[in-house]
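A short worksheet on the structure shown next.
Every number here is computed from the coordinates shown, using simple stated rules; none is lab data. Note that the coordinates shown come from a computational prediction; the quantities given were computed from them, not determined experimentally. For neighbour counting, all protein chains shown are included, and Cβ atoms are generated from backbone atoms with ideal geometry for every residue, glycine included.
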Amino acid sequence: MMLSNRESARMRKQRHLDNLTAQVAHLHRENVHVTTALGLTTYGLLAVDAENAVLRTQSSKLAARLSSPLKLTCDLGQFHIFSVSLS
């Protein structure tokens with residue numbers, strides 16, 4: 001049985017619409033996946049940023065401690081070097 005041109009065109013349009021609908025659904029799922037991955041990456045970035053802030057503070061404190069063990073003092077006109085234990 002032969003389909004009329006009109007029926008054939010309607011079927012082509014319907015197939016095209018079905019393909020576009022499937023594409024939209026696929027892109028929606030992909031968008032959800034990317035959005036979730038972005039959220040996880042952002043959360044990880046915030047955690048690393050917070051850890052870096054802690055490490056910078058610790059680094060500054062350690063640098064200050066390392067600069068203070070050896071100091072020159074003047075005692076009766078003489079320079080003495082003294083050491084502070086880091087333990």
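Given the convex hull over the Cα atoms of segment 16-60, what projected area results after averaging over all orientations, in nm²?
Numbers: hull surface 12.1 nm².
Result: 3.0 nm².
Put a dot 7 Å past each Cα toward the Cβ at Leu46 and Ala9; how far apart are the dots in nm?
The modelled label-to-label distance comes out at 5.5 nm.
What FRET efficiency would be calculated for the residue pair Lys61, Ala37, taking the C-beta separation as r and a Förster radius of 35 Å, to the nearest 0.05?
Working: r = 36 Å, r/R0 = 1.04.
Taking R0 as 35 Å, the efficiency between Lys61 and Ala37 is 0.45.
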